[in-house]
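Below is one structure, written out as structure tokens; the observations come after it.
Readers should treat all values here as calculations from the given coordinates under stated rules, not as data from a laboratory. Everything quoted here is computed from the prediction, not taken from an experiment. Ideal geometry is used to build each Cβ from the backbone, glycine not excepted, and the neighbour counts take in all protein chains shown.
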Amino acid sequence: MALVLAAGTAYAPAAQLDTDARGAIPHDVQQLVVIDYRAMQNSTAAMDLRNRVMPPELKQFDEALQKSGLNDNHDVDELAFALFRTKSDSDSLDTVGIAQGQFDVQSIMAGFKKNKVKPTVVRTNSIYPMTKAGMVLCLVDPSTMIFGEKEAVEKALDARDGIIPSMLNNNGMMSSMQSVDSSPLWSILDQKGTQTMMMQLLGSAGSAGSGADFETVRKKLDGSSYSMDFQHGVKFDLTITTSDAFTASTLSSLMTAAVMVRKMSSTDTEKSALNATSISASAGQLTIDYTSTDNQFSSLLQSPLFGNMVR
């Protein structure tokens, strides 16, 4: 499960992508994770989460930001990471990052020129090398920056320029977004992404024999979304949409059994987290909710249970 991270008093944390950013995400997106970059920095738990599960793309982006002259605390408002299939019938995934904010284009271009960084031009888009590891950057307008491996960035530009379909035409994912995009950290997953996530959750909870039972409901998982809030401790909400009430109820029973099995071999920290987790099913949806203090959550991040869930 690709969990990733999450200012002042007048700032209302919410990670919402504008239309231009959404249009730069290819149609066959398996998972989209969006983070309020500024809100994270006011929460110890959020920063602990970020450091624990930071993907290589974000680490490279952070390092490149420091070298580029961009002020990551003020210029970058939201970060998004999209895992998308290169072909609709393929299991191969590419990852592209999108940063939103207010960027000083003139200063950035001056920095590239000073360092003799030359772009590759794709149509009207200039793609600049960002790191020696192969990360590139394209500043498509003063508020939107696309970054990642060159091939993934080019696919994102193809979507934005209308060469290939974008997520704007993916009604399922666009609909899923509406219930969570007011949170400081949120994610939506398609059917395949949801299946993968649930297999990991059931496996990490240690439910013996759950595999065969899960196979009976796997194809009836339609999609999922989760959100995290760090303003008053940590609050995590996961919703899984299924094709019918019976499937949601069956999945709820599987998860409840998996939690009971896991408790038998859990540490005190893990037991506390499992006790703070509620599982319920209603109207074809499974919901999993978890709340904790910052300190409890930071302790959970170091546990084998958490490590298994995000591997």
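Other residues with beta-carbon under 13 Å from the beta-carbon of Tyr290 carry, at +1 per Lys or Arg and -1 per Asp or Glu, a net charge of -3.
Here Lys263 is the anchor, and the lysines within straight C-alpha reach of less than 24 Å, apart from those fewer than 8 places off in the same chain, are Lys235, Lys271.
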